[in-house]
Amino acid sequence: MMKKTKFYKILNDNSPGGDLKDSKGDPNRKIYFTRIYMGGLEEMHGYSIDERLYEYFEYKPFKTIEDTRHYLQKLIDLEGDESGNRTAICWFIRRIADDGLIGTARLVDIDYKKQSVSWGYAIDPELWGEGYIFEIQELLKEYVFEILELNRLYGFTFVNNERTKSSLIAAGFKKEGVLRDYYQDSSGAYFDAWAYEMLSIEYFSKKPHDSIKYLRIEITKEEIVSIIAKELNDDSI
């Protein structure tokens, strides 16, 4: 496990998938992440007024740009300062082809001690079904497990949100259980939550066997003894 100071430096200095240059260098990439800022307000408002976006949210659709401004400020405030106590970090998601803003993503409840974090993301409903959600999920998983080296990624959604549940199962997440009356929607009705998670060992088990981290996880007791014996030059171990 990396040291706490190093962890927070990586968290503050790196985005999922790397910077725009890294993203452009990968022919399979369509999006890149950049830290949120108030300058993206008008672009964000462009899709924030779409009522479809709020089908499984706990708040009502934004009607004015002030509604969107208030929400964006909440995301900015959620991040707090740059200290080692940060518990959340948020990004805009932009399309590489035209730099258009298509959505937001965030990590919350960052718990360094427990090596655990929760996530959330949303994109313009006009782009649903075009593969962006899959790419967002994969980049965030890579960031959490390979860059931050955390052990557990988890989240919640409405228990009747079959569209999202299907995409999460396809992405390798496992159902943890159902939390009763966890959500209250914009009409005041209560809904159960579907809880899901992925562990680092499950993530790396899907990676190619020549992955360094995969090998680190799968190393056997006999191999450990052999390595120590060679280092100590003592075959009697």
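The values are calculated or read from the model by the stated rules, or taken from the named source; none is laboratory data. Small disclaimer: the values here were computed from a predicted structure and weren't measured. Because the Cβ atoms are built from the backbone with ideal geometry, glycine has one as well, and the counts that use them run over all protein chains shown. Only protein heavy atoms, including side chains, enter the accessible area calculation; ligands, DNA and RNA are left aside. Shrake-Rupley method; radii C 1.70, N 1.55, O 1.52, S 1.80 Å.
Summary of values
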{"quantity": "With every protein chain in place, the chain: carbon and sulfur % of accessible area (1.4 Å)", "calculated": "51"}
{"quantity": "For the chain: accessible area per residue (Å², 1.4 Å)", "calculated": "57"}
{"quantity": "Charge dipole magnitude, Cβ of K and R +1, D and E -1 - the chain, Cα centre, debye nearest 20", "calculated": "340"}
{"quantity": "Around F191: net Lys/Arg minus Asp/Glu count, Cβ-Cβ under 14 Å", "calculated": "-4"}
{"quantity": "Computed lengthening from T87 to T164, 0.36 nm per intervening residue step minus Cα-Cα distance", "calculated": "25.3 nm"}
{"quantity": "Considering only the chain, percent of DSSP beta bridges that pair antiparallel, nearest 5", "calculated": "90"}
{"quantity": "Read-out mean projected area of the Cα convex hull in nm², derived from the coordinates shown; its label in [x] 15.7; [y] 20.8; [z] 17.6", "calculated": "[x]"}
{"quantity": "Unit charges on C-beta of K, R, D, E only; dipole of segment 19-153, Debye", "calculated": "240"}
{"quantity": "Angle in degrees between helix 221-232 and the longest Cα principal axis of the chain, rounded to the nearest 10", "calculated": "60"}
{"quantity": "Residue-count net charge about N28 - beta-carbon cut-off 11 Å; Lys, Arg +1, Asp, Glu -1", "calculated": "-1"}
{"quantity": "T164 accessible area, 1.4 Å probe, all protein chains in place, Å² to nearest 10", "calculated": "40"}
{"quantity": "0 to 90° range, to nearest 10: angle between helix 65-79 axis and the chain longest Cα axis", "calculated": "20"}
{"quantity": "For the chain, calculated [θ]222 nm from helices alone, where every DSSP H run of n ≥ 4 adds -39500 (n - 2.57)", "calculated": "-10000 deg cm²/dmol"}
{"quantity": "Net charge over other residues, Cβ less than 10 angstrom from the Cβ of A88 (K, R count +1; D, E count -1)", "calculated": "-1"}
{"quantity": "Point-to-point label distance, E146-D67, nm (Cα→Cβ direction, 7 Å offset)", "calculated": "3.9"}
{"quantity": "For a label point 7 Å along the Cα-to-beta-carbon line of T34, residues of segment 93-134 with backbone N under 12 Å", "calculated": "93-102"}
{"quantity": "Per-residue SASA entry for K30, accessible area with 1.4 Å probe, Å² rounded to 10", "calculated": "80"}
{"quantity": "Solvent accessible area, Å² - I76, 1.4 Å probe, full protein context", "calculated": "50"}
{"quantity": "Cβ-derived FRET efficiency at R0 35 Å, A97 paired with E176, nearest 0.05", "calculated": "0.40"}
{"quantity": "Between 0 and 90°, nearest 10: helix 4-13 axis offset from the chain longest Cα axis", "calculated": "40"}
